[in-house]
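Here the structure is laid out as structure tokens; the discussion comes afterwards.
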Amino acid sequence: ETVPPEGLEDNISRISVHTSSGDPATRWIRTPNLQVRAQWSYKAPKDSDMDLQAGEIVTVTRKWSDTWYYGYTNERVGRFPAKYVTDDLSRIVYVRKRPPYSRFYVRARYDYTPAAEKRMTLIKNEIIEILWILSGNWYEGRSLDGKRKGSIPVTFVREIRNGHDDW
């Protein structure tokens with residue numbers, strides 16, 4: 001049975017089980033809504049599927065299969081691949097876009113020691129070249145000596161314009 005029983009369309013998941021006689025059977029279990037974050041953008045090939053934008057929050061209403069979810073955002077509803085999302089909402093999603101200027105620099109306002117991989121240590125007052133603007137209030141930067149590279153929190157730095165910053 002691939003379609004849930006009438007009235008149980010939302011908040012359920014299909015699981016495969018074996019009966020006491022060993023025959024395969026489908027059972028439906030009620031599950032709470034789950035919020036996930038899209039790790040990558042996804043362009044849906046079918047109208048019944050849902051496009052995802054990297055970084056957006058999606059509410060999952062049911063697990064369609066082991067590899068597909070069904071859910072919604074404020075604007076869309078449909079199926080989407082489970083491998084494109086994470087239930088770790090604190091995870092940084094790297095939606096990269098170029099800085100507004102060809103050379104974009106910031107000065108560290110504070111020391112920063114990262115607790116996660118792919119993040120860069122900051123030393124107060126050092127100047128960092130910004131390579132990418134990331135979603136979630138993060139930049140990807142590189143130290144001027146080129147030895148360190150990684151994501152840094154926007155709130156720990158101040159933009160330098162025209163060769164100086166206003167502190």
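Nothing in this text is a laboratory measurement; each read-out follows from the coordinates by a stated rule. No experiment lies behind these values; they were computed from the predicted model shown. We place every Cβ from the backbone using ideal geometry, glycine too, and count neighbours over all the protein chains shown.
Pairs over the 24 Å Cα-Cα cut-off, from the set Lys46/Lys118; Lys124/Lys147; Lys83/Lys149; Lys43/Lys63; Lys118/Lys147: Lys46/Lys118; Lys83/Lys149. Projecting label points 7 angstrom from Cα along Cα→Cβ for Ile127 and Thr86 puts them 3.3 nm apart. Modelled spin-label separation between Ser41 and Phe156, with each label point placed 7 Å from Cα along the Cα-to-Cβ direction: 2.9 nm.
Plainly put, the stretch 44-90 has a radius of gyration that is 0.92 times its Kirkwood radius, both from alpha-carbon atoms, as the Rg/Rh ratio.
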